[in-house]
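Peer 1: The following block contains the structure, expressed as structure tokens.
The values are calculated or read from the model by the stated rules, or taken from the named source; none is laboratory data. Please read these numbers as outputs of a predicted model, since none were measured by experiment. Neighbour counts run over all protein chains shown; Cβ positions are idealised from the backbone, glycine included.
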């Protein structure tokens, strides 16, 4: 049975953040709140935890995972960022955007988009996520939490716990989340391309 932590969205309790980080470091799969919707994540290098998420979400091997980073500096460790892209990233992070960029060698190959050698990266505007990433000292491997049979994503952590309590190791309740995922922006070429319109305003990229 998983654990259930109620963590304050503005003042995350350090004791619970440390416990959550330990669960991730020991191979656990966690559900956590972001600035858009609830997400499910695991340790960057843990292949078994990744497969658990694939099974839960019923994802094939072509589905792109996202590296959730604490700041722009960490994002630059895992992605090749030219000057125009850097300016756009600086203006829109933290925030409800996922950016597609060429990956560096720091990214495990199993996370890359097979034909393009790209990776999705994200810096959420969430104190809970930032505190957890600071404790982990590395990104989370993550996807939005939505089940195949759902018409709408979860917005309440208690509902998540009642539904997935036997399939994940921790659910973090940071208050209600929205149902809208991130806006996805491809920054691989010189001209940004909107791949999905979500919570983040796409107009500044057009």
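Peer 1: Among the residues of segment 72-96, count how many are surrounded by fewer than 16 Cβ atoms within 10 Å (Cβ to Cβ) and in contact with a strand residue (DSSP E or B) (Cβ under 7 Å, 6 or more places away or on another chain).
Peer 2: Total satisfying the criteria: 1.
Peer 1: Filter segment 159-172 down to the residues that are surrounded by fewer than 18 Cβ atoms within 10 Å (Cβ to Cβ) and touching a residue at least 40 places away in the same chain (Cβ under 8 Å), then identify the one that is farthest from the chain's Cα centre (by Cα).
Peer 2: 166
Peer 1: Which of (1) buried (at least 17 other Cβ atoms within 10 Å of the Cβ); (2) within 14 Å of the chain's Cα centre (by Cα) is the odd one out, the single condition residue 17 does not satisfy?
Peer 2: (2)
Peer 1: So which residues in segment 130-147 are touching a residue at least 60 places away in the same chain (Cβ under 8 Å), farther than 19 Å from residue 180 by Cβ and not in a helix (DSSP H, G or I)?
Peer 2: 138, 139, 140, 141
Peer 1: Quick one: in segment 53-71, of everything that is assigned to a helix (DSSP H, G or I) and free of Cβ contacts under 8 Å to residues at least 60 places away in the same chain, which residue is nearest to the chain's Cα centre (by Cα)?
Peer 2: Within segment 53-71, the match that is nearest to the chain's Cα centre (by Cα) is 54.
Peer 1: Can you find, within segment 149-158, the residue that is modelled with the highest pLDDT among those that are part of a loop (DSSP other than H, G, I, E, B) and surrounded by fewer than 18 Cβ atoms within 10 Å (Cβ to Cβ)?
Peer 2: Result: 156.
Peer 1: Related question: Test residue 53 against the stated conditions and say whether it is modelled with pLDDT of 95 or more, touching a strand residue (DSSP E or B) at 6+ places or on another chain (Cβ under 7 Å) and buried (at least 21 other Cβ atoms within 10 Å of the Cβ).
Peer 2: It is false that residue 53 is modelled with pLDDT of 95 or more, touching a strand residue (DSSP E or B) at 6+ places or on another chain (Cβ under 7 Å) and buried (at least 21 other Cβ atoms within 10 Å of the Cβ).
Quick grid of which residues meet (1) part of a strand (DSSP E or B); (2) in contact with a helix residue (DSSP H, G or I) (Cβ under 7 Å, 6 or more places away or on another chain); (3) touching a residue at least 40 places away in the same chain (Cβ under 8 Å):
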residue: 73; (1), (2), (3): no, no, no
residue: 77; (1), (2), (3): no, no, no
residue: 86; (1), (2), (3): no, no, no
residue: 91; (1), (2), (3): no, no, yes
residue: 95; (1), (2), (3): no, no, yes
residue: 98; (1), (2), (3): yes, no, yes
residue: 116; (1), (2), (3): no, no, yes
residue: 128; (1), (2), (3): no, no, yes
